[in-house]
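To keep things clear, I will list the structure first and then write my remarks on it.
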């Protein structure tokens with residue numbers, strides 16, 4: 001009996017020791033987990049969530065934290081709010097040199113970045129559902145007439161926060177020439193805002209759009225949201241009939257998508273010069289040191305690593321994962337076209353592991 005009690009005592013001690021060891025190991029694992037913070041354009045959320053899963057599967061102990069915003073808001077988190085971010089990916093690559101090259105990290109003379117990689121593209125059109133008013137009538141030839149009809153509400157993202165928003169303005173201004181209606185921008189955009197209007201004028205051959213500091217949309221006509229993906233819920237619920245949206249997002253969420261002519265949809269390399277005839281200026285002081293002006297260009301996404309990234313080596317691995325296989329495969333399988341070859345503006349400034357990629361140099 002005494003021997004049996006000893007055996008029970010020993011087994012109990014062994015069990016408790018093992019439990020303490022496992023608990024200590026689990027606590028150690030949690031403490032050792034590295035959190036990689038990635039801020040990206042909202043239109044990248046679906047493929048980047050899948051990339052997050054795949055990257056974590058091949059990088060044990062890493063927790064990739066994906067956070068989506070309008071592209072301008074992504075930049076603000078880095079350069080104005082001073083969040084510590086490992087990777088930034090935006091729907092308009094030009095935001096990176098405009099807002100990160102020109103802004104210094106506090107207490108240093110270093111810019112937030114001095115390189116980017118263009119890695120994906122898209123095109124802009126109208127997302128809608130079968131329940132949208134006149135959905136059985138809308139075409140690439142009459143879409144602007146449809147959204148101007150009484151009882152039709154259209155949506156767009158806020159051009160002060162999101163690239164899709166100022167691109168919708170550029171598309172509408174380009175549509176004036178394409179459809180031969182010089183009042184189209186005023187009818188669609190100008191008349192949809194109260195008191196503080198978005199105006200457009202021609203100056204020295206350029207079509208200039210001025211976005212005021214305050215926007216007051218007419219809710220009966222236009223629904224304004226902080227980013228393009230925030231239009232999905234009102235579209236699906238029927239509160240919005242048509243929304244200016246990227247094709248990839250519409251297809252990812254099983255929405256109908258109206259393809260607009262390449263002369264205006266910002267997705268064609270062939271018409272890049274035409275796009276560049278329009279520019280958008282934000283007339284407000286959201287950025288303390290930069291006066292944002294956005295020139296029309298082919299719709300191209302950009303990615304970079306802030307100079308003050310908490311985990312630069314891991315960030316480089318993540319960027320490489322995104323712009324090569326399997327990242328490209330994940331993007332394509334989620335209806336988001338990628339660029340081939342990749343483009344950079346500063347190959348000498350790239351980290352060594354990224355410099356070895358097949359990149360085309362772009363003039364600054």
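Among the residues of segment 66-94, write down those that are in a strand (DSSP E or B) and within 20 Å of residue 326 (Cβ to Cβ). Selection gives 66, 87, 89. Outside any strand (DSSP E or B), surrounded by 17 or more Cβ atoms within 10 Å (Cβ to Cβ) and in contact (Cβ under 8 Å) with a residue 60 or more places away in the chain: is that true of residue 298 in this structure? So residue 298 passes the test. Kindly evaluate residue 120 against the criterion of being in a strand (DSSP E or B), under 28 Å from residue 216 (Cα atoms) and modelled with pLDDT of 95 or more. No: the conditions fail for residue 120. Against the test of being more than 22 Å from residue 91 (Cα to Cα) and either buried (at least 21 other Cβ atoms within 10 Å of the Cβ) or in contact (Cβ under 8 Å) with a residue 12 or more places away in the chain (or both), the options 155, 238, 190 yield a single qualifying residue, 238. Going by the structure shown, is residue 250 buried (at least 22 other Cβ atoms within 10 Å of the Cβ) and assigned by TED's automatic domain parsing to the domain that holds residue 60? So residue 250 does not fit the description; no. Figure legend. Inter-residue proximity from segment 337-364: first residues in the same structural domain as residue 325 (by TED's automatic domain parsing), second residues at pLDDT below 95 and in a loop (DSSP other than H, G, I, E, B), beta-carbon distance below 7 Å, spacing 6+ or different chains. Indicated pairs: 341/358; 342/357; 342/358; 343/362; 344/362; 345/362; 345/364.
Just one of the listed residues (44, 99, 36) is within 16 Å of the chain's Cα centre (by Cα) and modelled with pLDDT of 95 or more, and it is 44. Restricting 303, 330 to residues that are within 13 Å of residue 116 (Cα to Cα) and modelled with pLDDT of 95 or more narrows the list to 303. All conditions in (1) in contact with a helix residue (DSSP H, G or I) (Cβ under 8 Å, 6 or more places away or on another chain); (2) modelled with pLDDT of 95 or more; (3) in a loop (DSSP other than H, G, I, E, B) hold for residue 287, with the sole exception of (2).
The values are calculated or read from the model by the stated rules, or taken from the named source; none is laboratory data. Source: prediction; values computed, not measured. Here the Cβ is made from the backbone with ideal geometry for all residues, glycine too, and neighbour counts use every protein chain on show.
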